[in-house]
Amino acid sequence: MIVVYKCGDVVQNAFGGVKPSSSITMKIESQWYWGHCIIIDKVPIEKWEQGQEFKFSGTPPNVDVANLGDIKHHICISLQREN
């Protein structure tokens, strides 16, 4: 699943409906820009690099996303879940 957050989007628990899995990979497909914020399980991710990955197992993490930056820069996150 790939989700794109445009300027002005603010989302809590972005992957709350995803079923638990033994292997979950979340990848940030876009570069960090001013006004972008991603918080994973109450821990802010600061100035991430494009392609940065996070691996989880069990229940998907609580991911909060806010794009309050430039209208030209989106936040793109992919989530891959194995059965």
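The values are calculated or read from the model by the stated rules, or taken from the named source; none is laboratory data. As the structure is a computational prediction, the values presented were derived from the model and not from experiment. Quick reminder, even Gly has a Cβ in these numbers, built from the backbone with ideal geometry, and neighbours come from all protein chains shown. The protein model used for the area step is the full one, side chains on, heavy atoms only, and it has no ligands, DNA or RNA in it. Shrake-Rupley method; radii C 1.70, N 1.55, O 1.52, S 1.80 Å.
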Residue check: is residue 28 over 22 Å from residue 83 (Cα atoms) and either more than 12 Å from the chain's Cα centre (by Cα) or free of Cβ contacts under 8 Å to residues at least 60 places away in the same chain (or both)? no
Residues of the range 68-83 being part of a strand (DSSP E or B) and either of a type in the set (D, E, K, R) or open to solvent by less than 100 Å² (accessible area, probe 1.4 Å) (or both), in sequence order, are 75, 76, 77, 78, 79, 81, 82
Where a residue in the range 63-78 is at positive phi and its partner, wherever it lies, is assigned to a loop (DSSP other than H, G, I, E, B) and open to solvent by less than 70 Å² (accessible area, probe 1.4 Å), with Cβ under 6 Å and at least six apart: none
Are any of the residues in the range 44-51 at pLDDT below 95 and of a type in the set (D, E, K, R)? yes
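Quick check: is even one residue across the range 2-14 aromatic (Phe, Trp, Tyr) and assigned to a loop (DSSP other than H, G, I, E, B)? Don't jump to the end; show me each part of the working.
Of all residues in the range 2-14, those aromatic (Phe, Trp, Tyr) come to 5.
From the residues that got through so far, the ones that are assigned to a loop (DSSP other than H, G, I, E, B) too are none.
Within the range 2-14 (the criterion being aromatic (Phe, Trp, Tyr) and assigned to a loop (DSSP other than H, G, I, E, B)), the answer is no, since none of the residues qualifies.
Based on what the data block shows, is residue 65 assigned to a strand (DSSP E or B), at pLDDT 95 or above and surrounded by 17 or more Cβ atoms within 10 Å (Cβ to Cβ)? I'd like the intermediate steps shown before the answer.
On the way: assigned to a strand (DSSP E or B): yes; at pLDDT 95 or above: yes; surrounded by 17 or more Cβ atoms within 10 Å (Cβ to Cβ): yes.
Judged against the criteria, residue 65 is a match.
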Select from the range 4-15 the residues that are more than 13 Å from residue 67 (Cα to Cα) and open to solvent by 50 Å² or more (accessible area, probe 1.4 Å) and list them in ascending order. 13
Any idea how many residues of the range 21-59 are outside any strand (DSSP E or B) and either open to solvent by 50 Å² or more (accessible area, probe 1.4 Å) or not aromatic (Phe, Trp, Tyr) (or both)? 15
